[in-house]
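Have a look at the structure below, then the notes.
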Amino acid sequence: MTDGVKRPNILVLMTDQQRFDALGCAGNPAISTPNLDRLAAEGAMFRSCYAQNPICSPSRASFATGLYPHAHGLWANGVELPEDRTMVSRSLAEAGYDCGMAGKQHLAPCANGPEPRREDGYRVYKWSHDPIHRSAENAFHRWLEDNHPDIWSRIGDTSGATAEAGNIAKGATAVDVLPVEAHYSHWIAEEAIAFIGERRDAPFYFMANFFDPHHPFGAPAPFRALYDAKNLPEPVGGPEELETKPLVQSEYHRKSYGGHAPGFAEYTPEELREARAGYFAMVSMIDAEVGRILEALEASGQRENTIVIFSSDHGEMLGDHGIMLKGPMLYDALVRVPLIMRWPGQIAPGQRREEIVQLIDLTATLLDAAEAGDAQQVQGESLLPMLCGGDATDWRDWALAEYRDSGHSATPPVFTTMLREKHMKLVVWHGAPTTQRPRDGELYDLGRDPTEQTNLYNDPAYRLERERMKDSLLDVLVATEWPRPARTAQW
């Protein structure tokens, strides 16, 4: 942290399943995100931020703990974060921060009931896994019941749909297209605004966990009307690539989620275009709600001493490479996420950073800014030195992502690991003894092929580069072993 600077408030705006390129400021002219574009202009945007897993729970656990999935232990959805893993919110609370959250947490199983709460440090805890979760502890439903009883009376029965209802839908459900004032994303903003407006003596930490743009893809009419589905960009690549890609990708082309959700092959061209339009509309609605939150922050007089962070837990295939939703694929569409940071007076505005960074670096950054916890408790590195005028020449030049049968379980299970280095990217699809799947891989020269359509893994011209990156991956895995207690004597 910059010497002599008052400890800042921290506002984290986290979306679910938002691709790195689903922002106007990321170079996408087809999407409308004026508030987030302005936030990026007022701060810094990282163009190469990687999540540590392409699935919700393991990725969120990495942000919550600052650890890689193989270190924190929450390797898949449906697994609980071990009790001995400290959440960043708890560290901030112990350092004197007033902490709150609203929306999705997903650090424990919740398909059959509410998510068990752990020692998280939150004074305000408004949990709602998603808009349809049937638990009586779904704070969004209670808010709807209190503030929009007419709407609640219409959707109350259907909002308690099965846990898989959103996964099997190819289009919007009734909850996704509620009026703006009753929508889940609007509720998240309302909770954030209320928390920001409270009077307090301590700095605050608030995490606004939007559920969108997670599938099913749909948004209220004013935002859906922003997009003509027929004129949106087409997906990158297509099914023709699958002959040169690992076999599991063909399975996910036919059926998503290990067979539990519709695959790309089951969408008509019209349904695919509508899904993409719905996705863009969801992002635009979040942008509008972010705008309301930022206006409230400014009106409260706390803008200048608040770090605002916008990011996502992972991305979405959205038809790229002939695949929908998410899974063991480690394309940039799934593991490269937006990252915007603003801190007036500390982070110089207008920065477009090209360094390879990771979500676990956010955890280290929060602890650094708040002067909270022990830097050795996390595996990421604080971004503040480089953002606040420091030298970034010694910054790591790689990112690691891993999938350990992390989504809906497949038979046999699927395990993949990614290493991104400079302009090269390796993805290992593991075989025996990890799984009975055949061993395979992907190798991309992102300098020549930024959309990852040409797999060079078996190209003789790239054999030495492939083996070099495999060696580097082994080194990275050893370097990220955790925990490594301090040695106090030679024997």
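General remarks:
- Scanning the range 291-309 for residues that are more than 22 Å from ASN209 (Cα to Cα), surrounded by fewer than 18 Cβ atoms within 10 Å (Cβ to Cβ), at pLDDT below 95 and of a type in the set (Gly, Ala, Ser) turns up nothing.
- Members of the range 1-56 found to be among the aromatic types (Phe, Trp, Tyr) and either over 28 Å from PRO235 (Cα atoms) or not in a loop (DSSP other than H, G, I, E, B) (or both), listed by number: PHE46, TYR50
- Residue match in the range 383-390 (condition: at pLDDT 95 or above, surrounded by 24 or more Cβ atoms within 10 Å (Cβ to Cβ) and not β-branched (Val, Ile, Thr)): yes
- Any hit, the range 451-461, residues being outside any loop (DSSP other than H, G, I, E, B) and either surrounded by 15 or more Cβ atoms within 10 Å (Cβ to Cβ) or touching a residue at least 40 places away in the same chain (Cβ under 8 Å) (or both): no
- Taken over the range 359-368, the criterion of being surrounded by 24 or more Cβ atoms within 10 Å (Cβ to Cβ) and under 17 Å from GLU94 (Cβ atoms) is satisfied by THR363, LEU366.
- Pairs linking a residue in the range 248-271 that is on the phi > 0 side of the Ramachandran plot and touching a residue at least 12 places away in the same chain (Cβ under 8 Å) to a residue that is polar (S, T, N, Q) and in a helix (DSSP H, G or I), with Cβ atoms under 8 Å and 6 or more positions apart or on different chains, are TYR257/ASN167.
- Within the range 468-491, the residues that satisfy the criterion of being surrounded by fewer than 11 Cβ atoms within 10 Å (Cβ to Cβ) and either assigned to a strand (DSSP E or B) or more than 26 Å from the chain's Cα centre (by Cα) (or both) are ASP471, ARG484, PRO485, ALA486, ARG487, THR488, ALA489, GLN490, TRP491.
- Verdict on GLU115 being in a loop (DSSP other than H, G, I, E, B) and farther than 19 Å from PRO213 by Cα: yes
- Considering ARG404, ARG396, the condition of being surrounded by fewer than 24 Cβ atoms within 10 Å (Cβ to Cβ), in contact with a Pro (Cβ under 8 Å, 6 or more places away or on another chain), at pLDDT 95 or above and within 21 Å of ASN53 (Cβ to Cβ) is satisfied by ARG404 alone.
The values are calculated or read from the model by the stated rules, or taken from the named source; none is laboratory data. Note that the structure is a prediction, hence the values are computed from the model and not measured. As a convention, Cβ positions derive from the backbone with ideal geometry for all residues, glycine included, and neighbour counts pool all protein chains shown.
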